[in-house]
1. Scan the range 90-97 and tell me whether some residue there is within 24 Å of residue 278 (Cβ to Cβ), of a type outside the set (Asp, Glu) and in contact with a Ser or Thr (Cβ under 9 Å, 6 or more places away or on another chain).
2. With respect to residue 291, determine if the residue is hydrophobic (A, V, I, L, M, F, W, C), touching a residue at least 24 places away in the same chain (Cβ under 8 Å) and out of contact with any Pro (no Cβ under 9 Å at 6 or more places or on another chain).
3. Give the residues of the range 208-251 that are at pLDDT 80 or above, part of a helix (DSSP H, G or I) and in contact with a helix residue (DSSP H, G or I) (Cβ under 8 Å, 6 or more places away or on another chain), sorted by residue number.
4. Considering only residues that are crowded, with 24+ Cβ neighbours inside 10 Å, within 18 Å of residue 100 (Cα to Cα) and touching a Pro at 6+ places or on another chain (Cβ under 8 Å), which ones fall in the range 69-87?
5. With respect to the numbered conditions (1) modelled with pLDDT under 80; (2) over 16 Å from the mean Cα position of the chain (by Cα), which one is the sole condition not fulfilled by residue 204?
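The values are calculated or read from the model by the stated rules, or taken from the named source; none is laboratory data. Just so it is clear, the model here is predicted, and its values are computed rather than measured. FYI the Cβ positions are ideal-geometry reconstructions off the backbone, even for glycines, and counts take in every protein chain you see.
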Amino acid sequence: VLPAPLEPSIHPGWQVFAYLMINDHWKRAHGAKSANVLELFRARVSETNGQEPTMESAALTAATVSLQAGWWVFSDTISRSLGHFSADVDALPEAVANRSRRLIDESIATIPVASPAEVNITSGTDDDTEPTEVSDRLIWAAYHLLADSSPSTVTSKAIAERAGVNHGQIHHYFGSKDSLIAAVVTYDSERFVASKRSVHPSSIVPIQTLRRPSLWRTFTYLAMTGEGSADRLQPTPNLLAMVETTAEQLGRPTDDPEVHAQVGVVYAMQHGWTAFQDLLEATLEPFITDVQGFRIRLAELSTRLVDQPG
């Protein structure tokens with residue numbers, strides 16, 4: 001059974017799951033379910049005095065797995081990025097584990113999500129007009145291709161063809177495909193954070209559950225394989241923005257350990273959900289009576305992980 005609080009040490013089995021997800025192998029084994037997730041779900045039901053399984057139990061199970069698996073896959077990315085604000089990153093895993101207890105603490109009230117828009121943030125804006133500058137066209141083309149495929153399968157030639165330019169332009173403007181991908185990650189991160197702030201001016205939560213961020217495959221792939229992990233990709237713009245926003249919201253400095261723990265659990269849960277959503281929903285399908293309601297409840301549960309202003 002996956003532990004609660006979060007287990008800081010890495011479990012490689014879930015990294016394998018994530019790899020299969022981003023390369024679509026799991027979809028080929030349609031209907032596959034996770035015995036680990038079912039075991040955790042049964043444990044959650046048992047903890048409620050053996051009551052009948054409910055969608056609430058399913059949502060809490062999905063939230064727990066998302067947080068734990070997200071930490072297992074993205075812990076290195078989180079630690080390296082938060083190291084930008086503090087040198088004491090060795091204390092982060094324990095701090096994240098301690099904060100993760102809040103997810104199953106029913107004495108902490110969840111914050112209602114007023115509308116699907118709050119958990120349906122898109123990466124970017126509604127304006128998706130093809131740009132005219134060559135460098136911008138290459139970023140735009142790579143952005144759209146990476147939304148559907150992992151970086152290993154997207155070629156420089158395909159990007160150039162989508163942009164309508166010679167593939168030599170990638171080297172001219174960016175030096176390499178990896179550098180172009182780095183620019184795309186920055187571009188998407190800035191758009192995502194901006195769209196989040198337009199709905200939640202003072203917060204990054206609740207996590208997004210109704211639609212995957214466009215580049216979820218790319219973020220997961222880079223975190224797992226280490227490709228493109230040069231300094232230009234670290235720290236990630238999303239994590240920098242989350243730390244700065246959270247610190248401002250709570251009136252604390254950006255090197256505050258609790259700010260880092262809060263950002264760590266939210267980032268892990270968000271990306272754990274985007275990576276494992278298909279597996280979780282397939283496994284828990286018999287107990288999900290309302291898919292949209294299930295996803296919204298998952299977003300609401302994420303609000304337990306954060307401190308409120310004031």
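1. The first filter runs over the range 90-97 and keeps only residues within 24 Å of residue 278 (Cβ to Cβ), leaving none.
Within the range 90-97 (the criterion being within 24 Å of residue 278 (Cβ to Cβ), of a type outside the set (Asp, Glu) and in contact with a Ser or Thr (Cβ under 9 Å, 6 or more places away or on another chain)), the answer is no, since none of the residues qualifies.
2. no
3. Hits for the range 208-251 are 239, 240, 241, 242, 243, 245, 246, 247, 250.
4. 71, 82
5. Looking at each condition in turn, residue 204 falls short on (2).
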